[in-house]
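See below for the structure under consideration.
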Amino acid sequence: MDLIASLQSFLRVAQTGSFSAVAHERGVTQPAISRQVSALEEHLGTRLVQRSTQAVTLTDEGREFLGAAQRLVDEAEALRHAVGTRRGKAVGTVRVAVPVPLGVYLGARLGPLMDRHDELSVDLVLRDGASNLIEDGLDLEIRLGPLGDCSMVARQIGWALAHVVASPDYLDRRGEPRHPGELEGHDCIVYHRRLNEKVWWFDDPGIAGGELAMPVCGRIHTNNAVAAHQAALAGQGIAHISHLLVGEDLRAGRLKLLLPAYPTRRFPLYAVYPSKRSLPPRIRVVIDHLCDLLAQDPAMSLADPARVTAPNPGPTGSPTAIGVAMSSGVADPRRSVEAAVDA
């Protein structure tokens with residue numbers, strides 16, 4: 001029996017409540033995961049989980065064993081990382097949760113990272129809401145907004161920018177808004193991640209404070225950015241979507257950029273990870289790779305927003321150029337951080 005592998009499988013079964021889910025994550029069969037947990041139970045001489053057709057639950061002994069199992073796995077990982085560090089390599093798997101638009105963007109750009117670190121694996125978990133890193137078995141999360149949990153470390157790595165867009169078909173039927181206040185008369189696709197998802201923020205130099213919070217409503221609500229994107233493409237309403245998803249559609253004319261005189265606010269992107277004295281090399285190289293990627297796009301870069309200019313993207317402009325065109329009126333970063341939880 002591979003004790004560490006069996007412990008890892010037991011911990012993921014405890015977190016997911018499912019042998020099948022863990023098997024799907026690892027690309028193996030459900031019986032293979034079940035056999036690992038059974039071997040661990042036999043090794044310990046006690047039953048750790050209760051199996052039924054509806055769910056897998058922990059026994060009292062299983063719950064008591066969780067902490068020790070996690071410590072053993074952590075120690076084994078620390079030893080592996082120490083050896084990898086001495087060899088000058090990032091070794092092991094990094095399980096990272098990423099907002100869906102950034103995850104789609106990152107998924108196509110992992111090649112250089114994997115080429116540099118041939119013993120590194122990345123497990124991308126795409127989700128638009130915040131995670132519980134410990135309970136979800138995550139090493140790292142990329143999160144919009146500041147971290148409220150003081151037990152975690154948060155490092156800002158960039159900015160998130162969204163565009164207000166609609167399809168030509170929708171605009172032909174309903175007309176094009178010229179001011180954020182006119183959104184009240186439109187069907188808006190409400191993409192919710194947390195707290196106050198029914199408010200879109202704009203920069204408006206014509207009002208006190210320079211910011212405009214616009215309540216929106218509509219008949220379509222979703223917690224997934226890709227679903228909101230598809231609904232906008234289908235002419236179902238006006239959407240507020242990451243520039244990473246809509247760049248190609250804007251250039252091809254499938255979507256139109258709305259309210260260009262009122263740039264939407266950018267919000268900070270943070271790398272969040274459990275507080276540790278020494279960050280494992282495998283996690284550090286993933287964070288560094290993300291920072292490098294975001295730095296290449298002025299709409300997401302940590303560079304001083306006041307220095308970001310809007311080049312003319314031209315007929316073959318890149319998604320980056322389209323993002324920059326909306327970033328010149330970005331809100332003060334300090335105010336963005338304070339309001340990011342409402343993004």
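Report the extension gain between residue 257 and residue 68 in nm, rounded to one decimal, defined as 0.36 nm multiplied by the number of residues separating them, less their alpha carbon distance.
Between residue 257 and residue 68, full extension yields 62.7 nm more.
Under the classification rounded if a/c is under 1.5, otherwise prolate if a/b is larger than b/c and oblate if not, where does the range 90-129 fall, given a ≥ b ≥ c as square roots of the Cα gyration tensor eigenvalues?
oblate
Starting from the coordinates of the alpha-carbon atoms of the range 121-265, obtain the Kirkwood hydrodynamic radius over all distinct pairs and give the value in Å to one decimal.
16.7 Å
For the range 240-303, what is the charge dipole size about the Cα centre, in debye to the nearest 20, if Lys and Arg each add +1 at the Cβ and Asp and Glu each add -1 at the Cβ?
Dipole about the Cα centre, nearest 20: 240 debye.
At 7 Å along Cα-to-Cβ for each site, give me the label-to-label distance between residue 230 and residue 127 in nm.
Modelled inter-label distance: 2.1 nm.
Please list 143, 284 from largest to smallest accessible area, probe radius 1.4 Å, with all protein chains kept in place.
So the residues, ranked largest to smallest area, are 284, 143.
Using the Cα centre of the range 116-250 as the reference point, and only Cβ charges (+1 on K/R, -1 on D/E), how large is the resulting charge dipole? Debye, rounded to the nearest 20.
With only Lys, Arg, Asp and Glu charged at Cβ, the dipole is about 300 debye.
Projecting each Cα onto the charge dipole of the range 88-146 (Lys/Arg +1, Asp/Glu -1 at the beta carbon, about the Cα centre), which of 117, 91, 134 comes out farthest on the positive side?
Working it through, the farthest residue towards the positive pole turns out to be 117.
Where in the range 88-115 is the amide nitrogen less than 16 Å from a point lying 7 Å along the Cα-to-Cβ axis of residue 79?
Residues passing the 16 Å test: 92.
Indicate the gyration tensor shape class of the range 1-127 (rounded, prolate or oblate), computed on the Cα atoms with a ≥ b ≥ c the square roots of the eigenvalues: a/c under 1.5 is rounded; otherwise a/b larger than b/c is prolate and the rest oblate. If you can, show how the numbers build up before the last one.
Values: a/c = 2.45, a/b = 1.49, b/c = 1.64.
Because a/c hits 1.5 or more and a/b fails to exceed b/c, the range 1-127 counts as oblate.
Mind checking the alpha-carbon convex hull of the range 206-258 and giving the volume per residue in Å³?
On the way: hull volume 6.0 nm³, N = 53.
Dividing the Cα hull volume of the range 206-258 by its residues yields 113 Å³.
The values are calculated or read from the model by the stated rules, or taken from the named source; none is laboratory data. Note that the structure is predicted; figures quoted are calculated from it, not measured. Backbone-built Cβ (ideal geometry, glycine too); neighbour counts: all protein chains shown. Side chains included, ligands, DNA and RNA excluded: accessible areas come from the protein's heavy atoms. Shrake-Rupley method; radii C 1.70, N 1.55, O 1.52, S 1.80 Å.
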